[in-house]
Amino acid sequence: MAAEYYNGYGERRSEKRRRSWIVWLLDAVMTLLSAVVAVVLVLTYLVPYVNPSRVWFFPALGLAAPITYVAGVVLMLYWIIRWRWLRAGVMILIVVIGFFKVSLFWRPDIRRTYEDDSQNPDRGTFKVMTYNVRSFYGENGHSSVEDVLRLIEEQDPDIICLQEFNARLAARSEEFSLLEEKYESAGFGRTAAPDSVYEAPLAVLSKFRILRSGTVLTPASSVWADLMVGDDTVRVFNNHLRSTAINAADNDYITEHRFLSDTARETKIRSIVGRLRENSVLRAAQVDSIARVIDATRTRRIVCGDFNDTPMSYVYRTMARGLRDAFRTCGSGYSHTYRGFFNTLRIDYVLSGGLDPVTYETLMVDYSDHHPVVVRLKKSDDD
């Protein structure tokens, strides 16, 4: 009996040592992972303040910001559960610093305010839609003009800003000609050869009278139109900044994890990162020019369109300076506007100055590789 007791005791001690060794190894791995995530998060917080031409890998950090932050929260909770307060304290500090950026990507419903039921919530507001329609070509390669026009008819926005607008394809539609009877349109001239489908890649349609319009950069980048909204002039900026040059094949390569088995992955990933950096630098130059014009505008203003960059970027911070982001004001949940890259990217925006966002909605339709954003605005009492 005694021999059996001591044999069992020895086995229990051996099992306990083995379990302790596994826990120690897990803590070591998590410590290394925490150090990496902490450094990446700190660098990510700096991304909006540094022109991407200065640090080549910053644009990639901005793309992964939500995922990296969630990883930081998970690691923080791990160290709290493990009662390792030094490591937990470091992660808590870094997570708390980033907490003030969370509303760029996600907003809970608890802060939403509700108006008196006796009042019409739409009273004194007008609706703005921004939509990159990808030249009116759907995923099947067929025209999506009819689908987009039906969506516009259902939403009935007062102001429409379209990017990658295919004027020739739209002109073939009888429904589009009826739309032009309902809306005034701002003309920005041609930007390509006569046989190109990209004759007017940006379009502004308005139920309000258009007083004048002009170009900030070439019409492929930024245009403006002054609208008579009530007794006020509102300047609308429609923007389509430089593309990331990440095509559908690149998106599939990443989202379908093909790089895990591809022997040429180093070359392909280097190509993707190189294009990402190069076009981030070009977008930064564009937004520097556009922001100067927006800052000099003294009327109420709406700045919208496809920025091709996330909220954690130099482009967004520069463009949104002094303006209200409709999602940050009245959005809810996690918002993405690009149909790709794991549905994590918000790159289409409605910003306003002298106008308060009242509602924000991203329409989950598949007529393009983007989702349309629809926002209700009203004149700000402060201006």
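No lab work stands behind these numbers, since they all come straight from the coordinates. Keep in mind the model is a prediction, meaning the values are calculated, not measured. Here the Cβ is made from the backbone with ideal geometry for all residues, glycine too, and neighbour counts use every protein chain on show.
Tabulated data for the structure shown
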quantity	calculated
Ranked by how many other beta carbons lie within 10 Å on average, peptides 55-63, 217-225, 367-375 from highest	367-375, 217-225, 55-63
Two-site label geometry, L43 and N140: point separation in nm, points 7 Å out along Cα→Cβ	4.5
Efficiency of FRET between S380 and D27 - r from beta-carbon atoms, R0 51 angstrom, step 0.05	0.45
Set of region 311-349 residues, backbone N closer than 16 Å to the point 7 Å along the Cα-Cβ line of V96	none
Nearest-0.05 FRET efficiency for A64 and A285, computed from C-beta distance (R0 25 Å)	0.60
Order of T44, T68 - criterion: other Cβ atoms within 10 Å of each residue's Cβ, fewest first	T68, T44
Taking the C-alpha atoms of region 111-379, convex hull volume expressed per residue in Å³	144
Packing-based order for 321-328, 90-97, using average beta carbon neighbours within 10 Å, highest first	321-328, 90-97
E175-L363 FRET efficiency (beta carbon distance; Förster radius 22 Å; 0.05 resolution)	0.75
Net charge, R283 excluded, C-beta distance under 9 Å - Lys, Arg +1, Asp, Glu -1	0
Cα-based shape type of region 287-383, given that a ≥ b ≥ c are square roots of the gyration tensor eigenvalues and the cut on a/c is 1.5	oblate
In nm, spacing of pseudo-spin labels at R212 and V50 (7 Å Cα→C-beta vector)	4.2
